[in-house]
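Down below is the structure, laid out as structure tokens.
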Amino acid sequence: MAVSRGGPSAPGPGAVRKFPTGALYAEALQHPELCFSDPDLRHGTVEQSPVLGPKAISGNFASVFSVTAPGGQRYALKCFTRDSTTLGKRYAAISSALGALDSGALSQPWSVGFDFLEQGVLVQGHWFPVVRMTWVQGTGLISWIERNLQDPVAVRTLADRFVALVADLEDNGIAHGDLQHGNLLVAADGTIRLVDYDGMYVPALRGEQATENGHRNYQSPSRTAADFGPHMDRFSAWVIALSLVAVATDPGLWHQLHDPQGESLILSESDFKEPATSLAWPVLLHHSDARVRELADRVKGFVAVPCSALPALTADAVKVPAQRSGGKAKSGHGPRTTAAQPGTPPWSTATATGTSAAGVPAWMTGRVPTAPTTPATPAAPTSAPVGTGFVRRRVGDLAAGAGALLSTSAPGALVLTAVQPASALPGSQTAALVLAVAALAAGRRRRPEYRDARAQIVDLKKRARELADPARAHQRIWQEIHALDTDLAKDNAASDKKVQALQTELKDGLARITMNVNRRTGKAQQELTGLPAKEKAQLAAALEPAVRAHVQDRLRRTPIREARSLTNMGPKMVTALEAAGIRTAADFTGVVYSVNQGYGSRNAYLVLAGGHRVKVPGIGEARATTLESWRQNLEQRARQSAPTTVPAQDKARIKADIAALRRRLKAEVKQAETDAQRERDALQQRITGERTRLTAQRQQHATDIQRKRADLIRQQKQLAGSDQERARVLAQLTDIRKEAKRSLGRVRYARFVLTGH
């Protein structure tokens, strides 16, 4: 790292140069042999866009170009578009501080070499400074997360490395100033590179002001330029660490909270400025993982804390429990896979759905019970024991008994009533008995005890058949496990889409509410802004009659004879004016002219106080102009001595009217804002409720899937001793059949219907 001096500085002490635009830099870089003084740059190749020439990455303060030196070294060339008289001083201090770091003591090689060239690039005949930084081969943080989303171990490892990088900065009294996804690159070995040092703080810059306040989606709402110091990275460091830990714990959070069109991870500026309307905080604060909840609660509390009072990020604060993984963590890109064992179906290992080799989805590890790791005896049936018999008669049982009784008694009753002959009694009685048995059988089949017994018998028969062919049973179980994993993945994907739709609905709804309140309050706000001017105008209007009366009085007191002293105005002209009714300066108000068509000259007419025009003999254009100027001067002098204070009564009335209008307008604005806040709260409550419901459904579905999975794995492990297990199942099947026949048989049911026991 180095800082070169040379080249002209800004013209004059404290002067500010106008720096070129990105387009002007691009134009100059079309000829590197002419615009650079540095040999590597002068003979280098500037990366070009297909149409627009040198390719630039533009930001708020600079444009960055890629230049490859003849030796193959690639540089990122930062060309500044805004002036800073302290650029050289800052980069000299940064270069010295970073150069003094003990690379062996750092957690990883995050520092990137750079040179500050004072005489960097020639644009339109003037030299401007540039920063030449070694080009970093790496992947942007957002892209890296998306490529490694299904590898929680890799994401958690990156979180640890980020925390270690922050610790390196803290230990050396350094702060980057703009920790965000765009300035964090992940190298091929999984370590992090930190780029863009414009806003960096080092101890030598103590007492300076910040040149920027960092990316808005990563900074505390309270951060200002005065927060330039070793603590200014702490809020953004906590935010990034929370994001990485949350995504490592539950990859689904990325789909739920990351905005693909935004410039953030899972939290953004609106979550910090308006936490009450945030969709992200409820999800994080009510997550099923305790570490995510605790870390989110802590970071949310930092929103209202001054930057200087924030604690440093530590490894203990973001430590997460180890998760089981089917393979060794990789630092490269792409989803991590686990090799399948020979002879094992491909879906038995961890898949892209995030399922571990143990059969537990990675994001569910530690949240629900997992299957036992050693063969276990079969669990007891979940249905009621067969030996308990029938319990408590129901309406259906009484109906079956009544039907059987009516069926058996109906033939005799028909014979007694002579409806049918006695010879038909044997046949009808037989049919009645069949119907009675059928009614009782139907009632028995509807009993839950009977259905449970039948279900157990069917299940045991199925198990016996499977145990006769273990390989086929293995295949079926793996297929069912794969189907469960697929179902869970589809359900999670659908849930993610619904959550994203809710986020969009909330964002659009809040924007609509804001637009509506702005429309409602716009006119009132405009009137409020104009009230001081309106009050001033009304006071002036109230004062005007007194001023006008004063001026007229002064003009009436000035006789026209005083005009004799004016140029070309002798006694004769004054007499003519008096003859025309103009005896004082108040008797005329001005002069108008008309063109004399015959001679091409203009006739002058004096305008009397009543509005009539009069042509005074001898008063031509020149004398009329002199008279008009004389009168105007008299009026100006009269206005200077006119009253300047509005009568107290009028002033009080005007101020009272303005105050009442101000109260009314403020009440309108407040009512509109109250209505808007009520709408925001209702929208937030509805979205949050829907979000909570979706989360509960998702967790319940995952728990159900996991239980089914555990049962399938248990069955699979039981196949290891298939002969013994089959004998046990057949014996259990025989026992259940005997017991069902004894306690749930037809005779037993008939007695139960009649006696209730």
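The values are calculated or read from the model by the stated rules, or taken from the named source; none is laboratory data. What you see is a predicted model; the values in this text were computed from it and never measured. Quick reminder, even Gly has a Cβ in these numbers, built from the backbone with ideal geometry, and neighbours come from all protein chains shown. Just the protein is used for accessible areas: all its heavy atoms, side chains included, with ligands, DNA and RNA removed. Shrake-Rupley method; radii C 1.70, N 1.55, O 1.52, S 1.80 Å.
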* To do: Only residues in the range 501-519 that are over 14 Å from Arg686 (Cα atoms) count as the first member; pair them with residues that are of a type in the set (Asp, Glu) and part of a helix (DSSP H, G or I), Cβ under 7 angstrom, at least 6 apart or cross-chain, and list the lot.
  => Ile513/Glu679; Val517/Glu673
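Out of the strands (runs of 3 or more DSSP E) lying entirely within the range 17-116, which hold 2 or more residues that are open to solvent by 20 Å² or more (accessible area, probe 1.4 Å) and at pLDDT 85 or above?
Numbers: elements: 56-58, 62-68, 74-80.
The strands (runs of 3 or more DSSP E) meeting that bar are 62-68, 74-80.
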* To do: Scan the range 698-720 for residues that are farther than 19 Å from Ala501 by Cα and open to solvent by less than 40 Å² (accessible area, probe 1.4 Å) and jot them down.
  => Ala702, Thr703, Ile705, Gln706, Arg709, Ala710, Leu712, Ile713, Gln715, Gln716, Gln718, Leu719
* Condition met for Ala731 (open to solvent by less than 20 Å² (accessible area, probe 1.4 Å), in a helix (DSSP H, G or I), small (Gly, Ala, Ser) and farther than 29 Å from Ala493 by Cα) -> no
* Asked: Does the range 162-181 include one or more residues that are open to solvent by 20 Å² or more (accessible area, probe 1.4 Å), in contact with a Leu (Cβ under 8 Å, 6 or more places away or on another chain) and modelled with pLDDT under 90?
  -> no
* Considering each residue of the range 570-593, count those that are in contact with a Leu (Cβ under 7 Å, 6 or more places away or on another chain) and in a helix (DSSP H, G or I), and give that number. => 3
* Which listed residue is touching a Ser or Thr at 6+ places or on another chain (Cβ under 7 Å), over 27 Å from Gln699 (Cβ atoms), at pLDDT 80 or above and not polar (S, T, N, Q), from Ala511, Ala489, Ala439, Ala455 -> Ala455
* **Number of the condition not met by Ala604 [criteria: (1) touching an Asp or Glu at 6+ places or on another chain (Cβ under 9 Å); (2) in a helix (DSSP H, G or I)]** => (2)
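Being of a type in the set (Asp, Glu) and open to solvent by 40 Å² or more (accessible area, probe 1.4 Å) is the filter here; which residues of the range 644-697 pass it? Let's see the steps before the verdict.
The first filter runs over the range 644-697 and keeps only residues of a type in the set (Asp, Glu), leaving 650, 657, 668, 673, 675, 679, 681, 690.
Passing the criteria: Asp650, Asp657, Glu668, Glu673, Glu679, Asp681, Glu690.
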* **Every pair of residues 6+ apart whose Cβ atoms lie under 7 Å, when the first sits in the range 77-90 and is within 13 Å of Pro20 (Cα to Cα) while the second is aromatic (Phe, Trp, Tyr) and modelled with pLDDT under 80** => Phe80/Phe61; Thr81/Phe61; Arg82/Phe61
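Working only within the range 175-233, note down all residues that are outside any helix (DSSP H, G or I) and among the acidic types (Asp, Glu). Give the steps one after another, and end with the answer.
Filtering the range 175-233 down to residues outside any helix (DSSP H, G or I) leaves 175-180, 184-202, 206-215, 219-224, 228-233.
Hits for the range 175-233 are Asp178, Asp189, Asp196, Asp198, Glu208, Glu212, Asp233.
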* Please name all residue pairs, on different chains or six or more residues apart, with Cβ atoms under 6 Å, provided the first residue is in the range 208-231 and is open to solvent by less than 50 Å² (accessible area, probe 1.4 Å) and the second residue is of a type in the set (Val, Ile, Thr) and modelled with pLDDT of 90 or more. => Tyr218/Val239
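Considering the range 117-135 alone, what residues qualify as being touching a residue at least 40 places away in the same chain (Cβ under 8 Å) and open to solvent by 60 Å² or more (accessible area, probe 1.4 Å)?
Let us first name the residues in the range 117-135 that are touching a residue at least 40 places away in the same chain (Cβ under 8 Å), namely 117-124, 126-135.
Listed by number, the residues that qualify are Gln119, Gln124, His126, Trp135.
Would you point out which residue out of Ala489, Ala585, Ala542 is surrounded by 12 or more Cβ atoms within 10 Å (Cβ to Cβ), of a type outside the set (D, E, K, R) and closer than 30 Å to Ile619 by Cα?
Values: Ala489 fails: closer than 30 Å to Ile619 by Cα; Ala542 fails: closer than 30 Å to Ile619 by Cα.
The match here is Ala585.
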* To do: Output the residue which, of all residues in the range 242-277 that are of a type in the set (Ser, Thr, Tyr) and surrounded by fewer than 22 Cβ atoms within 10 Å (Cβ to Cβ), is modelled with the lowest pLDDT.
  => Thr277
